[in-house]
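Contents: one structure, followed by commentary.
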Amino acid sequence: MRYDVIIIGAGLGGLECAALLAGAGRSVLLLERGARIGGCLQSYRREGFSFDTGFHYVGGLGEGESLRAAFGCLGLLDLPWHRMDTAFDRVLIGDRSFAFNQGFDAFADGFEREFPAEREAIRRYAALLRQVGQRQWGGLDPSAAEESFSADLLATGAWDYLTRNFRDPLLINALSATSLKMELRKESLPLFTLAHGNSGFIESAWRLAGDGSLIAQRLAERIRERGGTIRCRSAVTELVERGGRLVAARCADGEEYEGDLFVSDVHPALTCGWVRRSERMRPVYRHRLQRLANTFGMFTVSLLLKPGATRYFNWNQYVYRRADVWDFYQKDAPVGGVLVSCRVPTDGSGYARQIDLLTPMPWTRCADWGDTSVGRRGEAYEAMKRRVADECVALAERFLPGLSGMVERRYTSTPLTYRDYTATPEGSAYGARKDYREPLTTVLSPRTPIPNLLLTGQNLMLHGVHGVTMTALLTCAEALGRAYIWNLLKGGNE
């Protein structure tokens, strides 16, 4: 059978593109190398509990907010979303506490109380964050003139912006402290990434009463309801080009699928490697993608707590030893920063049973085991995981005293785990590194030199649930037209 669209990779971006294109009447085939769909939305089960791998919270789902329309047209709004506290992100740096409040005015008010001398700069920053959310879909409006707002932010360094606008180093650290959900790197992080990565959450912040696989399952249902096909254990090994266009995807099991349009939710360098002979894809383009640096990975400690050990807390807690938020993960020292995230209890007890601890882990920390596979990495690797997990728990105890004694079971994962289960190079948590000094070469377009090959996913403009959803819509606009996606968004916000 020939398909209108073949999509490679069933991570969030691939699933969203498949749902949108199937909804537009296209015949869609989604190919996934693994046994399960979802990418970093996958969950795993231990002791009868499901644990998330990469999903913890999402922003902008309130009425008229930045992600609501997109989730509306994807059929995701009726999942069991649970709104977090007004102070949804709380920060402990040394012995100083700060809160990120929902609502841009409330966000600014909270920081003004702590840093009254910086009031005007805080207000300007809050206004910038609000503007990012309001203008994020402007590129899809077919009647809008081309604007430079996003391009300007992509070409501005986040660290440079913060140090130019704020005088107090502690305030800079506090404003950056919840950005463990991106790679804080002074030399490269664009202001656009920092602003977008915080804006939606400040609009409103939500957890799922359940695991992230609920999102993947709902999208899969939507794809199948609209006639789409999903095949797992179908690892693409070659994209066949004839006459300057792709004509088929070949898989490791010997199957070959013909299509008119191909969309890859896989790292662009890997995608290029599948196109072995091409009239269109020049060496300079391939070299550019192969040179892309990857963001760091994450080390995760998933804790199963003893029943009744501690009450559920409806916020995320960020804990840092000292005010070195932008640098701590690069130091050869015990873990210096950790995110503490609590799973919404579904048993009605009000007590937490599951807590995740996350801290950045550069690839260099686990590269020694890069040639190993799951379950065969050796005792030195297991010892490293135990040591880092102990450090994470010890640091989290500054917020939750006695945490180590509450633990019934604990499970750990490293960038190697992510690499082996999601095929993400170097287990990168946020895809290819965007660099404000080179926005034209590190911020990728969905288009490629091959006219019927499009890209999607976190390696393009933005990462995270919000960013990948934006990218999926931009990718589908290349196939369906901006007007179609724009009208879909307008309907999804009603």
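Among the residues of the range 239-295, the ones that are hydrophobic (A, V, I, L, M, F, W, C), crowded, with 17+ Cβ neighbours inside 10 Å and over 17 Å from Asp4 (Cα atoms) come to 10 in all. For the range 379-409, a residue qualifies if it is part of a strand (DSSP E or B) and either at pLDDT below 95 or exposed (fewer than 14 other Cβ atoms within 10 Å of the Cβ) (or both), and the qualifying residues are Glu408, Arg409.
Condition check: touching a Cys at 6+ places or on another chain (Cβ under 9 Å) and farther than 26 Å from Ser413 by Cα. Does Leu67 satisfy that?
Details: touching a Cys at 6+ places or on another chain (Cβ under 9 Å): no; farther than 26 Å from Ser413 by Cα: yes.
Here the answer is no, as Leu67 does not meet what is asked.
For Ser43, the conditions (1) surrounded by fewer than 24 Cβ atoms within 10 Å (Cβ to Cβ); (2) over 15 Å from Leu12 (Cβ atoms) are fulfilled apart from (2). Applying the criterion of at least 1 residues that are modelled with pLDDT of 90 or more to the strands (runs of 3 or more DSSP E) found wholly in the range 1-52 leaves 2-8, 28-31. Checking the stated criteria, Ala35 turns out to be within 22 Å of the chain's Cα centre (by Cα) and within 30 Å of Asn452 (Cβ to Cβ). The set of residues in the range 349-378 being assigned to a loop (DSSP other than H, G, I, E, B), surrounded by 13 or more Cβ atoms within 10 Å (Cβ to Cβ) and among the aliphatic types (A, V, I, L, M) consists of Ala352 alone.
Wholly within the range 75-127, which strands (runs of 3 or more DSSP E) include no fewer than the required count, namely at least 3 residues that are surrounded by 19 or more Cβ atoms within 10 Å (Cβ to Cβ) and among the charged types (D, E, K, R)? Where strands (runs of 3 or more DSSP E) fall fully within the range 75-127, none carries at least 3 residues being surrounded by 19 or more Cβ atoms within 10 Å (Cβ to Cβ) and among the charged types (D, E, K, R).
Within the range 186-228, the only residue that satisfies the criterion of being surrounded by fewer than 20 Cβ atoms within 10 Å (Cβ to Cβ), in contact with an Asp or Glu (Cβ under 9 Å, 6 or more places away or on another chain) and not in a loop (DSSP other than H, G, I, E, B) is Arg218. When the criteria are applied in full, Gly60 fails the requirement of being touching a residue at least 40 places away in the same chain (Cβ under 8 Å), closer than 28 Å to Gly212 by Cα and either among the hydroxyl-bearing types (Ser, Thr, Tyr) or surrounded by fewer than 19 Cβ atoms within 10 Å (Cβ to Cβ) (or both).
The values are calculated or read from the model by the stated rules, or taken from the named source; none is laboratory data. Bear in mind that the values here come from a model prediction, so they are computed numbers and not experimental data. In this analysis, Cβ positions are derived from the backbone assuming ideal geometry, glycine residues included, and neighbour counts consider all displayed protein chains.
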